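One structure below.
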Amino acid sequence: MKAIYDKQTDTLTIIFSDTTVAESDEEKPGVILDYDADGNLIALEILNASSRVGHPYRMEYQIVPAEA
C-alpha cells in the first residue's frame with residue numbers, strides 16, 4: 001500500500017494494489033474509486049485534497065495488536 005500527495009494537482013491517491021485499473025467510479029464528487037478486472041478496490045483518489053483532508057502531506061499508520 002502506498003499514498004501519494006501531488007501538491008501541484010492537490011490530489012491524494014492511496015494505492016492498495018499495483019494492479020491494472022479496469023474501471024473507475026466517482027462515488028461522490030471528487031472521490032474516485034479504482035477497481036481491477038475482478039471488481040476489487042485497488043485505489044482511492046481524492047481531488048482537492050487540501051480542502052477535504054486535514055493534512056494531505058502527512059500520514060499516520062498504525063497496526064492494531066490482535067486480541068489475546
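Bear in mind that the values in this text are calculations on the coordinates, not laboratory data. What you see is a predicted model, and the numbers here were worked out from it, not measured in a lab. Neighbour counts are summed over all protein chains in view; Cβ atoms, including those assigned to glycine, are modelled from backbone coordinates with ideal geometry.
Leu33 to Thr9: extension gain in nm, 0.36 nm per residue of separation minus the Cα-Cα distance? List each step's numbers first, then the result.
Details: separation 24, 0.36 × 24 = 8.64 nm, distance 1.75 nm.
This chain segment gains 6.9 nm when fully extended.
How much space per residue, in cubic angstrom, does the convex hull of the C-alpha atoms of the chain take up? Please list the in-between numbers first.
Numbers: hull volume 8.5 nm³, N = 68.
Here the figure is 125 Å³ per residue.
For Glu45, Glu67, which order do you get if you count the other beta carbons within 10 Å of each Cβ and list the fewest first? List each step's numbers first, then the result.
Working: Glu45 18, Glu67 4.
Lowest count first: Glu67, Glu45.
Give me Thr11, Thr20 ranked fewest to most by other Cβ atoms within 10 Å of their Cβ, as a rough exposure proxy.
Numbers: Thr11 18, Thr20 9.
Listed from fewest to most nearby Cβ atoms, that is Thr20, Thr11.
For the chain, with only Lys/Arg (+1) and Asp/Glu (-1) charged at the beta-carbon, what is the dipole magnitude about the Cα centre, in debye rounded to 20? Working shown, then result.
Numbers: 5 positive and 13 negative charges, 90 e Å.
Dipole of the chain, to the nearest 20 debye: 440 debye.
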